[in-house]
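First the structure, in the form of C-alpha cells, and then the observations on it.
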C-alpha cells in the first residue's frame, strides 16, 4: 500500500487520519509535522488523502459488521465550488452508518443509485424511514418492485414510514460529517470532494465502532487505523 513512498507509512497514516478526523487544515498539518522535524508540503498531504482514502475505506468495509434491517434515509447539503450538492446517507436503527452516496443532483436517478448501492452491499431492510421526500419514496418503491419481480421466491415488500420526527436520528448523525466539512471552507472539485467525504464517513464509522474487531475492544482511532492499514 505504501511501497515506493518517500515518507514512512506512519507519517502518511498520521497525516491522513488527522486530516479526516479533526478540524485541521492542510497548512495546520504542514506546521505540525515541521514541529516534529518532518518537512512535508501541505499539497503532499492533500495528495495522500486523495490517494489513500478510498483504499482505506475499502479495507474498512471488508471488516465492517452487519447493520440492522431497519434504516433511516436522508440527504444533506455539501458545497463544492460555491454550488450545493447532495450527500445521500442511511443509518440503521442502532445509529450505525449503512451507506452514503455523493451526487451533483437531488433527483430520482441519484436516489435510485444510492439505494441500489445500499441494497447490493447490505441486503434488503424490513423498513425504511424517510422524511416527506416523494423522490426517496419513489426510489424505494422502484427498487423494491424490481427486486421482487426478479426473485423467484416471494419477498416481503419493504415497509416505508414517512415521518420527519422519526427521521431526526439521521439528521443528528449528519452533524458529525457537516462539522468536519464546514471547517474545510468548501471543496474545490467534485472528484476530490467525493474521495474526502468517503474518508470522513469512514472515520465516523470507526468512531461508532462499526468494525468487527472494534465492537468490544475499545480500540482508539489510531489503533484501528493501524489495524486495517497494515
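Values quoted throughout were computed directly from the atomic coordinates according to the rules given, and no laboratory measurement underlies them. What you are looking at is a predicted structure, and each value in this text was computed from that prediction instead of being measured. Cβ atoms come from the backbone with ideal geometry, glycine included; neighbour counts cover every protein chain shown.
Kirkwood hydrodynamic radius of the range 44-91 from all distinct Cα pairs, in Å? Answer for the range 44-91: a Kirkwood hydrodynamic radius of 13.6 Å. Dividing the summed helix terms, -39500 (n - 2.57) for each DSSP H run of n ≥ 4, by the number of residues in the chain produces a 222 nm estimate of -16500 deg cm²/dmol to the nearest 500. Percent of Cα pairs in the range 90-162 per distance bin of 5 Å, from zero to the largest separation: 3, 15, 26, 30, 17, 7, 1, 0. In whole angstrom, how far apart do the alpha carbon centroids of the range 186-209 and the range 7-73 sit? Measuring centre to centre over Cα atoms gives 9 Å. Against the chain, whose longest principal axis comes from its Cα atoms, helix 190-207 is set at around 90 degrees.
Scaled against the 2.2 N^0.38 Å expected of a compact globular protein of N residues, the Cα radius of gyration of the range 1-135 reads 1.29.
Overall shape of the range 139-193 was characterised from the C-alpha gyration tensor. The equivalent ellipsoid obtained from it has semi-axes of 35, 18, 8 Å, in decreasing order. When semi-axes √(5λ) of the Cα gyration tensor in Å is calculated for this entry, the matching label among (1) 32, 23, 19; (2) 34, 20, 15; (3) 24, 22, 18 is (2). Springs join every pair of Cα atoms under 10 Å in this Gaussian network model of the chain, and among 25, 68, 142 the largest mean-square fluctuation is at 142.
How much FRET efficiency would the formula 1/(1 + (r/R0)^6) give for residue 46 and residue 113, where r is the Cβ-Cβ distance and R0 is 22 Å, rounded to 0.05? Efficiency at R0 = 22 Å is approximately 0.20. Using Cα springs under 10 Å in a Gaussian network model of the chain, which residue among 70, 79, 120 shows the largest mean-square fluctuation? Judging by the Gaussian network model, the answer is 120. Comparing mean-square fluctuations of 149, 26, 219 from a GNM of the chain with C-alpha springs under 10 Å, the top value falls on 149. A Förster radius of 35 Å combined with the Cβ-Cβ distance from residue 168 to residue 191 puts the calculated FRET efficiency at roughly 0.60.
Taking the chain as the reference, fit the longest principal axis to its C-alpha atoms, fit the long axis of helix 42-62 to the helix C-alpha atoms, and give the angle between the two in degrees, 0 to 90, nearest 10. With rounding to tens, the tilt is 40 degrees. Between 0 and 90 degrees, the angle of helix 9-21 with respect to the longest Cα principal axis of the chain falls at about 50 degrees.
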